[in-house]
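Visitor: Questions regarding the structure given below will be posed in turn.
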Amino acid sequence: QQQVKQSPQSLIVQKGGISIINCAYENTAFDYFPWYQQFPGKGPALLIAIRPDVSEKKEGRFTISFNKSAKQFSLHIMDSQPGDSATYFCAAHSGGSNYKLTFGKGTLLTVNP
Amino acid sequence: DAGITQSPRHKVTETGTPVTLRCHQTENHRYMYWYRQDPGHGLRLIHYSYGVKDTDKGEVSDGYSVSRSKTEDFLLTLESATSSQTSVYFCAIGTGVIETQYFGPGTRLLVL
């Protein structure tokens with residue numbers, strides 16, 4: 001049973017545009033929400049993360065927006081570049097001491113030059 | 001890749017044969033995880049370890065076993081490989097301080 005629903009499955013954006021990827025969850029025990037970026041042939045790498053006590057976190061061109069009441073969070077990539085073309089995964093940590101993450105199914109982002 | 005290596009990086013095997021994948025870390029982290037990645041399914045947790053000889057099942061553990069006899073090594077074994085286990089397998093390590101996991105480069109496994 002998928003506990004983190006991610007959309008869209010794929011996204012095409014023009015260079016300089018804004019890329020938006022959305023995730024939704026049901027488990028209110030989730031307490032940490034990271035985003036991972038994966039390039040072809042590589043392992044996922046942590047991009048940015050947020051805790052539910054804040055509504056927004058920004059790191060450079062990447063911003064997470066978090067809506068606790070709606071149980072939704074999203075990744076915004078401003079001024080998207082061809083080098084941002086990758087697969088993006090949202091994830092959620094369900095609390096407890098074993099630090100298990102539940103991942104969304106991923107979004108393939110293509111930024112056209 | 002945060003001091004994580006996986007071996008082999010690519011493997012082709014036949015249905016019914018045993019397969020062992022190795023994850024090795026140089027970070028001395030307590031937590032280690034095995035995921036599989038398949039199109040349309042994202043990353044799914046197979047097994048994880050929270051210390052030497054301490055392991056537990058993830059969401060897709062059927063057909064897999066693991067062992068961790070040393071902090072630095074976490075082995076994933078397919079006792080009798082099936083075509084449905086064709087996938088890309090990722091190992092991850094966790095700091096145990098924050099809920100961040102660092103992933104290895106992956107092993108691409110093809111079961112014929």
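The values are calculated or read from the model by the stated rules, or taken from the named source; none is laboratory data. This structure is a prediction, so every number in the text was calculated from the model and none was measured. Because the Cβ atoms are built from the backbone with ideal geometry, glycine has one as well, and the counts that use them run over all protein chains shown. Side chains included, ligands, DNA and RNA excluded: accessible areas come from the protein's heavy atoms. Shrake-Rupley method; radii C 1.70, N 1.55, O 1.52, S 1.80 Å.
Visitor: Would you tally the residues in region B:61-90 being out of contact with any Pro (no Cβ under 9 Å at 6 or more places or on another chain), closer than 19 Å to residue B:39 by Cα and open to solvent by less than 20 Å² (accessible area, probe 1.4 Å)?
Guide: Total meeting the criteria: 4.
Visitor: Please verify whether residue A:74 is more than 14 Å from chain B (Cβ to nearest Cβ) and open to solvent by less than 30 Å² (accessible area, probe 1.4 Å), treating the condition exactly as stated.
Guide: yes
Visitor: When you go through A:99, A:88, A:36 one by one, which is the residue that is closer than 30 Å to residue B:9 by Cα, surrounded by 15 or more Cβ atoms within 10 Å (Cβ to Cβ) and without any contact (Cβ under 8 Å) to a residue 12 or more places away in the chain?
Guide: Going through A:99, A:88, A:36 in turn, the sole match is A:99.
Visitor: Can you report the number of residues in region A:103-113 which are surrounded by fewer than 22 Cβ atoms within 10 Å (Cβ to Cβ) and either within 14 Å of chain B (Cβ to nearest Cβ) or more than 18 Å from residue A:42 (Cβ to Cβ) (or both)?
Guide: Of the residues in that region, 4 qualify.
Visitor: Going through region A:77-94 one residue at a time, which ones are farther than 18 Å from residue A:40 by Cα and at the interface with another protein chain (Cβ under 9 Å from one of its Cβ atoms)?
Guide: A:91, A:93
Visitor: Residues being open to solvent by less than 50 Å² (accessible area, probe 1.4 Å), part of a strand (DSSP E or B) and either free of Cβ contacts under 8 Å to residues at least 60 places away in the same chain or closer than 17 Å to residue B:105 by Cα (or both): count how many of those fall in region B:8-23.
Guide: Total meeting the criteria: 2.
Visitor: Please state which one of A:15, A:42, A:5 is free of Cβ contacts under 8 Å to residues at least 12 places away in the same chain, basic (Lys, Arg) and surrounded by 12 or more Cβ atoms within 10 Å (Cβ to Cβ).
Guide: After applying the criteria, what remains is A:42.
Visitor: Turning to a different aspect of this structure: Being among the charged types (D, E, K, R), open to solvent by 10 Å² or more (accessible area, probe 1.4 Å) and under 23 Å from residue A:41 (Cβ atoms) is the requirement here; does residue B:56 meet it?
Guide: no
Visitor: For residue A:68, state whether it is over 11 Å from residue A:21 (Cβ atoms), open to solvent by 80 Å² or more (accessible area, probe 1.4 Å) and at pLDDT 95 or above. Reasoning before the result, please.
Guide: Numbers: over 11 Å from residue A:21 (Cβ atoms): yes; open to solvent by 80 Å² or more (accessible area, probe 1.4 Å): yes; at pLDDT 95 or above: no.
In short, no.
Visitor: Let me ask you something else. How many residues are among the acidic types (Asp, Glu), in contact (Cβ under 8 Å) with a residue 12 or more places away in the chain and not in a strand (DSSP E or B) when one looks only at region B:66-112?
Guide: Adding up the residues that qualify gives 2.
Visitor: Which pairs do you get when a residue that is in contact (Cβ under 8 Å) with a residue 40 or more places away in the chain and open to solvent by 10 Å² or more (accessible area, probe 1.4 Å), found in region B:34-53, comes within reach of a residue that is in a strand (DSSP E or B) and basic (Lys, Arg), reach meaning Cβ atoms under 9 angstrom, with the pair 6+ apart or on two chains?
Guide: Pairs found: B:36/B:44; B:37/B:44; B:38/B:44.
Visitor: Same structure, new question: Go through (1) open to solvent by 20 Å² or more (accessible area, probe 1.4 Å); (2) in contact with a strand residue (DSSP E or B) (Cβ under 7 Å, 6 or more places away or on another chain) for residue A:79 and report which single condition fails.
Guide: The failed condition is (2).
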